[in-house]
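Structure first, commentary second.
The values are calculated or read from the model by the stated rules, or taken from the named source; none is laboratory data. Remember, it's a predicted structure, so these values are computed and weren't measured experimentally. Because the Cβ atoms are built from the backbone with ideal geometry, glycine has one as well, and the counts that use them run over all protein chains shown. Please note that ligands, DNA and RNA were not included when accessible areas were found on the heavy atoms of the full protein model with its side chains. Shrake-Rupley method; radii C 1.70, N 1.55, O 1.52, S 1.80 Å.
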Amino acid sequence: MKNRKHETSSGAILAMLSILPHPFIRLSAIKEKVVETLVNNLKNQKKCLLAAYALSRILDYENTRTAMFELSAPDYIVSVFKQGSFNGSVENEPGKEVLGRLMRNDGLRAAVLQAHTTAALCTMFKKGEAALNHAAFDFLDIMSDYPDGQELVKESKIPIFRAIVAALNHQKWDSQQNAAMALRTLFGIHHGSERTFVMQEFQSVILDEYPQILKLLVNDRSYRVVGGAAALLALSEDGMLHRTIGASYMLMFLEELYGLVCESTRILNLSEAGISQRA
């Protein structure tokens, strides 16, 4: 029954979008709290992407836009982005395109940028989850098309880099691997000769801040050594960074060290599992 209700609700929203261009109907819809319903749906993980899609389609109307701002829609849009919901698709449209259409509005974009966006990005990267990293990449890519968004990238690049390094500190291998791949993506390795604005900005940060990664290699915790080695090996595919970090023999040493630590960690985990079972 819940699925049937959700389908009906979705159909009603899509039908409403076709008649909202009429000023009288739009005014009535606002009075009937249709915009409020859509904004409230942004709080629901199952309905939020459809709600964002609907809001992006009525954003050009001043009275609906005013209602959205009064209901704190920008804050909820950040929440939708932060949980990775724009990774999905709605009405055969990728979530990234929905977010991109929302961000084309100068007022909404400005409000989103003021809604603790840097903190949201750092939180996402710190978790070391591939889906959240992907969502963060998309957001940065969209924002880099606008002057105010480019300022966000410039202001947040160091905190974001440090958040990714924090993910390299995770005891979970998957989180460390995802963090290493995040650095690789932001640096633009294998992207081609023309790097995007985001990649250009992060390239300079990684070149300046990579000693933070090296520090992980001289730690007494094996999982931190693994995290640091994973990051450096992911970045070493770029010739310039390869030369900056050190000569080839150093990276060969890292590969050997990385393999040894991974194997020892695996053996230790198996031993601990065996002890737990016997206990």
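Some values worked out for this structure:
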item: Asp141, Asp208, ranked by accessible area, largest first (probe 1.4 Å); result: Asp208, Asp141
item: Carbon and sulfur %, accessible surface of the stretch 105-244 computed with the full protein complex present, 1.4 Å; result: 47
item: In sequence order, calculated HN-Hα J values of the stretch 92-107 (Karplus, 6.51, -1.76, 1.60; Hz; x Gly/Pro); result: 6, 10, x, x, 4, 5, 4, 4, x, 5, 4, 6, 5, 7, 4, x
item: Kirkwood-Stokes translational diffusion coefficient of the stretch 1-144, alpha-carbon pairs, 20 °C, 1.002 mPa s, µm²/s; result: 138
item: In order through the stretch 10-17: 3J(HN,Hα) via Karplus (6.51 cos²θ - 1.76 cosθ + 1.60), integer Hz, x for Gly, Pro; result: 4, x, 5, 5, 5, 5, 4, 4
item: Accessible-area order (highest first, 1.4 angstrom probe) of the listed residues Met16, Met143; result: Met16, Met143
item: For the stretch 146-186, size of Cβ-based charge dipole, Lys and Arg +1, Asp and Glu -1, in debye; result: 200
item: DSSP-assigned coil residues among GluC sites (Glu not before Pro) in the stretch 24-84, each with at most 11 further Cβ atoms within 10 Å; result: Glu32
item: Nonlocal amide H pairs with Val90, under 5 Å, H built at 1.01 Å; result: Gly95
item: For the stretch 168-183, 3J(HN,Hα) per residue [Karplus equation, 6.51 cos²θ - 1.76 cosθ + 1.60, θ = phi - 60°, Hz, x = Gly/Pro]; result: 5, 7, 4, 7, 8, 4, 4, 5, 5, 5, 5, 5, 4, 5, 5, 4
item: Trypsin sites (Lys or Arg not before Pro) restricted to the stretch 35-113 and DSSP loop, no more than 12 other C-beta within 10 Å; result: Lys43, Lys46
